[in-house]
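Novice: Pasting a structure below so you can have a look.
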Amino acid sequence: MIPGYLFVLVPIAFGTLLFFTNSRQAKRGVIIFQLALILASLYNLTKLRFLESHVSIETFAGWDRIIGISLKWDLVSSLFVMLTAGLFFFLFLFDYRGDHVDQLFLMLLCTIQGLIIGIFLAHDFFNVFILYEVATILVSILIMFRKDKQSVYDGIFYLLTNLVAMTFFLFGIALLYRMLGVLDFALTREQMALLSDRRALILPYTFLVTALSLKIAILPLFSWLPRAHATPSAPSTVSALLSGLFVKSSLYLFFRIRNIFDPFLELTELFLILGWLTALFGALLALSQKDIKLILAYSTVSQLGLITFGLSLNQDLAFWGAVYHIINHAIFKSTLFLSAGIISEIYRTRDIERIRGVGKGMPLVAAGTIFAILGVTGAPFFSGSMSKYWIVASAKDNLTTLGIYLANFGTITCFIRYSRIFFGVQKNSENSSCSLWKMQHIVVFVMGLFSLFGGLFARELIILFFAKQLPVDPLSYFQKIMIFFASLIGGFFVLRVIERTGILKKIRELDLSFNSVAAFMFLFFSMSFLYLSLKYAPQ
Amino acid sequence: MPVTIVFLLAMVVLAVASIQVRKAEIAVIYLGIFSLFNAIFYLFYSAPDLSLAEAVIGSALATALFLVAIKGYTLRRTQIKSEYRSPKMRLALFGELFWGVVFLTIGFIVISFYFGTVQDVGKPAWYHYVRSFISDTGARNAVTAIYLNYRVFDTLFEALLLLVGILATAYFLEWPEGKEPEEEIATKPDSEIVARISGLLYPFILLYGFYIIVNGHLTPGGGFQGGAILASVFIIRYFAQRRLGINIFILQRLEKSFFLGIIALSMLLLLPEFMNSDFKVFHLVLMNILIGFKVCCGLAILFFCFIFQQTKVEDTKGRSERG
Amino acid sequence: MAELVSFIIFFLGLYALVVKRSVIKSIIALVLMETAVILYFVSGGFEEGKLPPISDALPEQMVDPLPQALMITAIVIGISSTAVALAMYSQLHRKYGTDDWKKLMKIRLEEDA
């Protein structure tokens, strides 16, 4: 195995080195570097796949886990590392000729790549904290990269909300360390078993959960995400990176920390409900937006809710479905953001009502986008349908099943609206003469193909990567296809009705100020604290 | 200990003051005193390293940054008064009261819950560190042993964070590219006496900073604290003579090179055959020196970015007032 | 006692984030919260009479060095993030001409429309 800290440190060192080159060399160097990184992660993945335990834990400089810092490779994290390497390769390729690309931009991207890989591998509370702090500041630079009026507000909003969340996280770590005396994930769990009263864990858990809920944008705490992911001036690669990959690292971390606490304290019901509400509410907000980037960002909120829901179902099938959905969502959401970048640059607007005729003007981009949309809505034979199928299949009662279909119905309706951009005729045709680099179109198309590929070979891929045999029952899958088409038709009619009422404009104008977000954080904290302390009240 | 109680009470009062005072400058001063009290307080808890760091970085440097950053942006006193009389403000005061009650209730529940449930199940990490750090790392200061050897992986990100923070600051404050900023900032020194006396001070501060850095593995202190002290030389020099005296671009390049050096040096820890007992100590000193220089460059850049921004703001203001 | 005070200061900072509408006050509140956590980390579980973790003391007498090492990191993190927030604040003030969160939100919404 290639050691994990190299995967973290080498991109960072490489990024810093770029400052000592000229920009032409830097761009070429980055592409070659990304290819090498993909190969390295592939090598580690195969090595790990053929290990007996599928787990490898390494410590920096060979110290014991109690005193040093350890990194953990398992099948999921190593696949995420490969996903990171692969996605960044496409992003760099997409931006190869971008005029905003200079050494600073490349350095920021390389550094954040190292940090994301670090978060996937980290196995130590404080290590996670510091990785996140650096990433938060880096992301705020990326959001404000063009320093225009709108992005300044979005940037500082993002920075301050996330810094507050990280203080919560640090307080949680402090409480844990004071009681348990270790920072390593696995050791923390061992030490927890020694506690005489599990109620001692309630307070640290609440602090950690509040921080992570903001990071994964669960219901009352999501208002930073659309602003940050869809700020108008940010390069589309940045949006794709944030929405596709960066929030997934929080989701994965949330899941792992929940696993540590799970034998002692359970919050699953709460997150089941919150995840579902987020999925529904996110879809509704996505439906009401006019800006294509904002539609995609709110749809990310909705999908994150769905994944949280899947992870909280506490079943093996739903877990692998959710993990697979994380990967799928990373691929199709970055495709969508990249294509939205191309489209808005060519049409010089992001207003969904003013973009028409993409299908005719840019066939490759349109094809890639349509594949991605079919993926995100869960159309048969596309990647989203498989992962959503596994989440639905593990739902025990009808209510949960209905809930998922309802959330998916919202997504479908919203993307019916989105897909209008392909049809019709562009009114002012002078813009379309603007020619962009063809490579960008090809990148979007290839990435779109992945979501078809991921759907057709879903079972094989899961066996290949996770060594898991997930069942697909033809009858219930067929049933799901029927429901998909029914939702499609229903979506058309609902959209017609909703658009006439003018309710969309009202929803669009809902927004929270920073103070309200802080208030919601406090309320979230107190509610989950009260919930846990009542649930585990001494008899 | 009655002394600690006095300190703690003072800290709470200062914290309340810093959020309740209307004028931002005064709030920042309260915050600075709050940090200083914290720094002294850490000494009671046998944390001299931390105390030094908080005093130099948290108290002195942060306050200076705040003051420079908000200079020129804060409201005039008359503006504050007129805002406070408006009916909207009264509504806001009502809101503050409401939230105050909510926070008091929840805070009381949380704190009493904490003291009711908190328990210890041993300190495995402590047990390992205090027994073996001298033989493991060759350091005589366990804090240095941890951040330069056991948990150096964290320290790398700490250094990276400083680098990124400085990149961000320089980027947002729009350092003019290719321009020699020195001339733009240069104005006349405020006072001849300050200039002379600070001229006498530099060597001592420099010496003290180096001492803190080089002896980081033996006594309290280390690269971060010493680097901050070294950076203060640049800052004092600026206040005395009103010029930078060094090219900021060279400083930026130097910082990045030092950072690469730190990564490379920490990689040596992965080669056990290198790390014999003599080299271990040498390694610690070298790491501390590199970190010290990097932090010094970084904090100096940080400070000058804000200073430069401020002169620019005042310039435009002056021009608009004249015009 | 110190643990109690760190909880109080943490909630005080959070309270300021909720009710104070000025951006600069939010940054100050954030610094307060960070300091509160540092205070908690150092004082939590401290036993009377422990000595600084420097080799003159016997191992059993030494205080836990790990929180101190971690909190030096936290202080450096604090200064960098404060600096970035302040730099952004100065941009924000120049572009929007106000430092009131509510007014900022309104202007930002108008920009969108």
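Novice: Give the residue, chosen from C:74, C:87, C:83, that is within 11 Å of chain B (Cβ to nearest Cβ) and either in contact (Cβ under 8 Å) with a residue 24 or more places away in the chain or surrounded by fewer than 24 Cβ atoms within 10 Å (Cβ to Cβ) (or both).
Specialist: It is C:74.
Novice: Only one residue in C:3, C:47 is of a type in the set (D, E, K, R) and more than 8 Å from chain B (Cβ to nearest Cβ). Which one?
Specialist: Within the list C:3, C:47, the selection yields C:47.
Novice: Does residue B:261 satisfy the condition of being more than 26 Å from residue B:48 (Cβ to Cβ) and under 23 Å from the mean Cα position of the chain (by Cα)?
Specialist: yes
Novice: Can you pull out the residues in the range A:23-38 that are free of Cβ contacts under 8 Å to residues at least 24 places away in the same chain and open to solvent by 50 Å² or more (accessible area, probe 1.4 Å)?
Specialist: A:24, A:25, A:28, A:32, A:36
Novice: I would also like to ask the following. Could you list, in sequence order, the residues of the range A:36-81 that are closer than 18 Å to residue A:468 by Cβ and among the polar types (S, T, N, Q)?
Specialist: A:46, A:53, A:77, A:78
Novice: When only residues in the range C:50-71 that are facing chain B (nearest Cβ under 7 Å) and open to solvent by less than 10 Å² (accessible area, probe 1.4 Å) count, which is modelled with the lowest pLDDT?
Specialist: C:53
Novice: Out of the residues in the range B:5-22 meeting the condition of being part of a helix (DSSP H, G or I) and more than 7 Å from chain C (Cβ to nearest Cβ), tell me which one is farthest from residue C:16 (Cα to Cα).
Specialist: B:6
Novice: List the pairs whose first member sits in the range A:329-352 and is at pLDDT 90 or above, whose second member is aromatic (Phe, Trp, Tyr), and whose Cβ atoms are under 7 Å apart, counting only residues at least 6 apart or on separate chains?
Specialist: Close Cβ pairs (under 7 Å, with a partner that is aromatic (Phe, Trp, Tyr)) amount to A:331/A:450; A:338/A:94.
Novice: Another one. Residues to consider are B:198, B:191, B:266; find the one that is open to solvent by less than 50 Å² (accessible area, probe 1.4 Å), over 23 Å from residue B:54 (Cβ atoms), at pLDDT 85 or above and not charged (D, E, K, R).
Specialist: Of B:198, B:191, B:266, the one residue that is open to solvent by less than 50 Å² (accessible area, probe 1.4 Å), over 23 Å from residue B:54 (Cβ atoms), at pLDDT 85 or above and not charged (D, E, K, R) is B:266.
Novice: Continuing with the same structure: Does the range C:6-36 hold any residues that are within 20 Å of residue B:112 (Cβ to Cβ), at the interface with another protein chain (Cβ under 7 Å from one of its Cβ atoms) and not aromatic (Phe, Trp, Tyr), and which are they?
Specialist: The answer is C:8, C:9, C:12, C:14.
Novice: Please find, among B:37, B:41, the residue that is more than 7 Å from chain C (Cβ to nearest Cβ), in a helix (DSSP H, G or I) and either touching a strand residue (DSSP E or B) at 6+ places or on another chain (Cβ under 9 Å) or open to solvent by less than 10 Å² (accessible area, probe 1.4 Å) (or both).
Specialist: Step by step, each of B:37, B:41 is checked, and only B:41 is more than 7 Å from chain C (Cβ to nearest Cβ), in a helix (DSSP H, G or I) and either touching a strand residue (DSSP E or B) at 6+ places or on another chain (Cβ under 9 Å) or open to solvent by less than 10 Å² (accessible area, probe 1.4 Å) (or both).
Every residue, every condition in (1) modelled with pLDDT under 90; (2) at negative phi; (3) hydrophobic (A, V, I, L, M, F, W, C); (4) surrounded by 19 or more Cβ atoms within 10 Å (Cβ to Cβ), yes or no:
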residue: A:455; (1), (2), (3), (4): yes, yes, no, yes
residue: A:461; (1), (2), (3), (4): yes, yes, yes, no
residue: A:479; (1), (2), (3), (4): yes, yes, no, no
residue: A:531; (1), (2), (3), (4): no, yes, no, no
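Novice: Out of the range A:224-246, which residues are out of contact with any strand residue (DSSP E or B) (no Cβ under 8 Å at 6 or more places or on another chain), within 12 Å of another protein chain (Cβ to nearest Cβ) and open to solvent by less than 20 Å² (accessible area, probe 1.4 Å)?
Specialist: A:226, A:231, A:233
The values are calculated or read from the model by the stated rules, or taken from the named source; none is laboratory data. On a predicted model such as this, the values are computed, not experimentally measured, just so you know. Positions of Cβ are generated from backbone atoms using ideal geometry, with glycine treated the same way; all protein chains shown enter the neighbour counts. Quick note on the areas: whole protein, heavy atoms, side chains included, nothing else; ligands and nucleic acids left out. Shrake-Rupley method; radii C 1.70, N 1.55, O 1.52, S 1.80 Å.
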